[in-house]
Amino acid sequence: MRVAVIGAGTMGSGIAQLAAMSGHETSLVDVSADQLDRARQAVATSLGRFVKKGSLTVDEASAVDARLSCTTALATGVSGAECVVESVIEVLDVKQDVFRDIVADAPSTALLGTNTSQLSITAIGAAIPDHSHRLVGLHFFNPPVLMRLVEVVAGLMTSEETIARALAFSAGLGKETVVCRKDSPGFLTSRISALVRLECFRMLEEGVASAADIDKALKLGFNWPMGPLELGDFNGLDTYLRILTSLEATLGERYRPTVTLRNLVAAGRLGRKTGAGVYNYDDAGQQV
Ligand SMILES: NC(=O)c1ccc[n+]([C@@H]2O[C@H](COP(=O)([O-])OP(=O)(O)OC[C@H]3O[C@@H](n4cnc5c(N)ncnc54)[C@H](O)[C@@H]3O)[C@@H](O)[C@H]2O)c1
């Protein structure tokens, strides 16, 4: 299958890698050529780890790399695509604009997926009224190559056929699925994860404990693989702030971002991708 992924950031590069690892000819699109270079590098590093672990041979890793192409031209990227996954920044207007461009150039039968964390699929689809039956939430988790779940989200106009195609596509990527049948802010997952992390930021701000101890408590006490604060750094605090701001507007003030979080983002401390967030990181991305 030909797959196009729009947005080559934290998530888009991983989704494109996953698609290419699953045998799909994959095109990764971004407005920024620098970002595409960074995505290529991130994919190469990740494939190198798979080879080192022995789960891919050098030849298999080269074949994955050969199936992945990068472009800043959206029309080229989506040309002939049977599935397009949008993963640009979490801003409704931007996603709507991107989908207007996608439907102008992608085949009229392509499955249209959005990796939004919490925006309304119905609202995104309102920008493409003649195609909204083909649009579905395809919510991946970070990092997409390792995390087992894809949350499939139906908008009001999403057809049953589209949901079935989304489930089959996700299964083909080796993922388990859940279906959020009601287009509800934050779906099944972001609604919870955003709130838990927010409570951790509140505890940090109240001086209840250090960031390291808050994360350690949740990791060792509840067997979570990562603490919410370090996961926030991993996922990007700018994305998290956008998610909270949007959830506050839809679900109410219990999602209001804390001052500390706003300040970290204002200072450009966005997490691992900028070398600092709640924690500091060295050049290899290790916490220092
Ligand atoms: N970060 C996470 O852990 C995570 C997890 C699940 C879902 N998501 C969702 O995935 C989406 C992307 O998040 P991210 O963390 O990868 O963000 P990011 O900021 O790392 O990357 C976004 C990318 O989109 C690109 N972009 C912006 N406008 C564009 C356009 N018009 N055309 C093409 N590319 C464009 C940017 O250049 C950037 O490379 C968001 O909707 C987010 O909510 C994020």
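Taking into account only those residues within segment 1-34 that are of a type in the set (D, E, K, R) and not in a helix (DSSP H, G or I), which is nearest to Phe234 (Cα to Cα)? It would help to see each step written out before you state the result.
In the first step, residues of segment 1-34 are kept if they are of a type in the set (D, E, K, R); the result is 2, 25, 30, 34.
Those still in the list that are not in a helix (DSSP H, G or I) too: 2, 25, 30.
Numbers: Arg2: 29, Glu25: 28, Asp30: 21 Å.
Ranking the qualifying residues of segment 1-34, first place goes to Asp30.
Inside segment 265-286, can you point out the residues that are hydrophobic (A, V, I, L, M, F, W, C), more than 14 Å from the ligand (Cβ to nearest atom) and farther than 19 Å from Thr45 by Cα? Reasoning before the result, please.
Step one: list which residues in segment 265-286 are hydrophobic (A, V, I, L, M, F, W, C), which gives 265-267, 270, 276, 278, 284.
After this cut, where a residue has to be more than 14 Å from the ligand (Cβ to nearest atom) as well, the list is 266-267, 276, 278, 284.
Answer for segment 265-286, where residues must be hydrophobic (A, V, I, L, M, F, W, C), more than 14 Å from the ligand (Cβ to nearest atom) and farther than 19 Å from Thr45 by Cα: Ala266, Ala267, Ala276, Val278.
Within segment 1-36, how many residues are of a type in the set (Asp, Glu), within 11 Å of the ligand (Cβ to nearest atom) and surrounded by fewer than 24 Cβ atoms within 10 Å (Cβ to Cβ)?
First pass over segment 1-36, keeping only residues of a type in the set (Asp, Glu): 25, 30, 34.
With within 11 Å of the ligand (Cβ to nearest atom) added as a condition, the list becomes 30, 34.
Now narrow it down to the ones that are surrounded by fewer than 24 Cβ atoms within 10 Å (Cβ to Cβ): 34.
Number satisfying all stated conditions: 1.
Among Tyr279, Tyr240, which is the only one that is hydroxyl-bearing (Ser, Thr, Tyr), within 23 Å of Arg38 (Cα to Cα) and within 17 Å of the chain's Cα centre (by Cα)? Spell out how you get there, then give the answer.
On the way: Tyr279 fails: within 17 Å of the chain's Cα centre (by Cα).
Being hydroxyl-bearing (Ser, Thr, Tyr), within 23 Å of Arg38 (Cα to Cα) and within 17 Å of the chain's Cα centre (by Cα) holds for just one of Tyr279, Tyr240, which is Tyr240.
Within segment 118-149, how many residues are in a loop (DSSP other than H, G, I, E, B) and either near the ligand (Cβ under 10 Å from one of its atoms) or free of Cβ contacts under 8 Å to residues at least 60 places away in the same chain (or both)?
Let us first name the residues in segment 118-149 that are in a loop (DSSP other than H, G, I, E, B), namely 118-120, 126-131, 140-148.
The next check asks that each one be either near the ligand (Cβ under 10 Å from one of its atoms) or free of Cβ contacts under 8 Å to residues at least 60 places away in the same chain (or both); those that pass are 118-119, 126-131, 140-144, 146-148.
Qualifying residue count for the region: 16.
Got at least one residue in segment 213-228 being touching a residue at least 12 places away in the same chain (Cβ under 8 Å), touching a Lys or Arg at 6+ places or on another chain (Cβ under 6 Å) and not assigned by TED's automatic domain parsing to the domain that holds Phe141? Talk me through it step by step, then tell me what you get.
In the first step, residues of segment 213-228 are kept if they are touching a residue at least 12 places away in the same chain (Cβ under 8 Å); the result is 214-215, 218, 227-228.
Now drop any that are not touching a Lys or Arg at 6+ places or on another chain (Cβ under 6 Å), which leaves 227-228.
After this cut, where a residue has to be not assigned by TED's automatic domain parsing to the domain that holds Phe141 as well, the list is 227-228.
Within segment 213-228 (the criterion being touching a residue at least 12 places away in the same chain (Cβ under 8 Å), touching a Lys or Arg at 6+ places or on another chain (Cβ under 6 Å) and not assigned by TED's automatic domain parsing to the domain that holds Phe141), the answer is yes, since at least one residue qualifies.
Could you list, in sequence order, the residues of segment 83-117 that are within 13 Å of the ligand (Cβ to nearest atom) and assigned to a strand (DSSP E or B)? If you could, list the steps in order and put the result at the bottom.
Keep residues of segment 83-117 that are within 13 Å of the ligand (Cβ to nearest atom), which gives 84-102, 105, 113-117.
Answer for segment 83-117, where residues must be within 13 Å of the ligand (Cβ to nearest atom) and assigned to a strand (DSSP E or B): Val84, Val85, Glu86, Gly113, Thr114.
Taking helices (runs of 4 or more DSSP H) that do not extend beyond segment 177-236, which have at least 3 residues that are under 23 Å from Glu90 (Cα atoms), within 23 Å of the chain's Cα centre (by Cα) and at pLDDT 95 or above? Steps first, please.
Numbers: elements: 190-206, 211-222, 228-235.
Where helices (runs of 4 or more DSSP H) fall fully within segment 177-236 and carry at least 3 residues being under 23 Å from Glu90 (Cα atoms), within 23 Å of the chain's Cα centre (by Cα) and at pLDDT 95 or above, they are 190-206, 228-235.
What tally of residues in segment 244-288 results from selecting those that are aromatic (Phe, Trp, Tyr) and in a helix (DSSP H, G or I)? If you could, list the steps in order and put the result at the bottom.
Let us first name the residues in segment 244-288 that are aromatic (Phe, Trp, Tyr), namely 255, 279, 281.
Subsequent filtering for residues that are in a helix (DSSP H, G or I) retains 255.
Number of matching residues: 1.
Restricting to segment 98-109, count the residues that are of a type in the set (Gly, Ala, Ser) and surrounded by fewer than 22 Cβ atoms within 10 Å (Cβ to Cβ). Full working, then the answer.
Residues of segment 98-109 of a type in the set (Gly, Ala, Ser): 104, 106, 108.
Filter again for surrounded by fewer than 22 Cβ atoms within 10 Å (Cβ to Cβ), leaving 104, 108.
Residues flagged as of a type in the set (Gly, Ala, Ser) and surrounded by fewer than 22 Cβ atoms within 10 Å (Cβ to Cβ) within segment 98-109 amount to 2.
Under 6 Å between Cβ atoms, at least 6 apart or on separate chains: pull out the pairs that start in segment 265-288 with a residue that is within 15 Å of Tyr240 (Cα to Cα) and end on any residue that is assigned to a loop (DSSP other than H, G, I, E, B) and at pLDDT below 95.
Partner pairs satisfying both residue conditions: Arg272/Gly285.
The values are calculated or read from the model by the stated rules, or taken from the named source; none is laboratory data. All figures in this text were calculated on a predicted structure; none of them were measured in a lab. Heads up, the Cβs are rebuilt from the backbone with ideal geometry, glycines too, and the neighbour counts pull from every protein chain shown.
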